[in-house]
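Have a look at the structure below before the remarks.
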Amino acid sequence: MDLLSSVYVSCTSSGVLALLKQRYPVATLDRGSSFIELPQSVEAALPPQEWEALSRRLGVSVHQLFFQAHTERFRYQHFKAGEMLRTLQYGGDCRGKWEIVDGDVERWEAAAFFSRMVQAPEAGGDPRRAAVEAVWRGSQLRAGGYYPVIDACDAAHAAAEYYKFPGWMQIVETKRDDTPAQAAAIVDRLT
């Protein structure tokens, strides 16, 4: 998968599903997920204000997730009952830079951005070494910062896996470090 732009709405009742299906005919709900997916075309994606209003009106959580692999662009937004809880944007206008980091850190972020799989850069004699090390020690993203450097698809996958978003439950992407036995175990868990 090279590109994704979707919105995920927590399905608290059949009424929420019916309302969303009426307004967004492409809405889907996978078995095993408590979220309804509203796929968005990149060209016609609705603005964040739309999702904030939907979250407020229905009193539910709404997550917007976007990534584009070949440009390493990633965007994540989370609203609950109309309140913005988290916004992350990496690699938008400035490649390789955290453009927006707003709201409270969510549980999935530490593993996604600061795990052993994501390596802290070798700062060597770089005078910014202390700043780079501080980012890693604190596992804290900073708007305007260049670290951690991420893989946009992996970041989106981490959020989707944590929340069990529809459409992601069937996607099994073997990581570069997975052995065939580990990959088989992942497939077994999902089937």
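Quick note: the coordinates plus some simple rules give every number you see, no bench work behind them. Everything quoted here is computed from the prediction, not taken from an experiment. Ideal geometry is used to build each Cβ from the backbone, glycine not excepted, and the neighbour counts take in all protein chains shown.
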Rounded Å value of the spacing that divides the Cα centres of the range 86-116 and the range 140-165: 5
What do you get for trypsin sites (Lys or Arg not before Pro) in the range 1-88 restricted to DSSP loop and a cutoff of at most 11 other Cβ within 10 Å of the site's Cβ? 31
What are the ³J(HN,Hα) couplings of the range 78-95, residue after residue, when phi is run through the Karplus curve with 6.51, -1.76, 1.60 and θ = phi - 60°? Round to Hz, x for glycine and proline. 9, 10, 9, 6, x, 9, 6, 9, 7, 9, 10, 9, 10, x, x, 6, 10, 4
Restricting the range 1-80 to GluC sites (Glu not before Pro) in coil, as DSSP defines it, with at most 14 other Cβ within 10 Å: 43
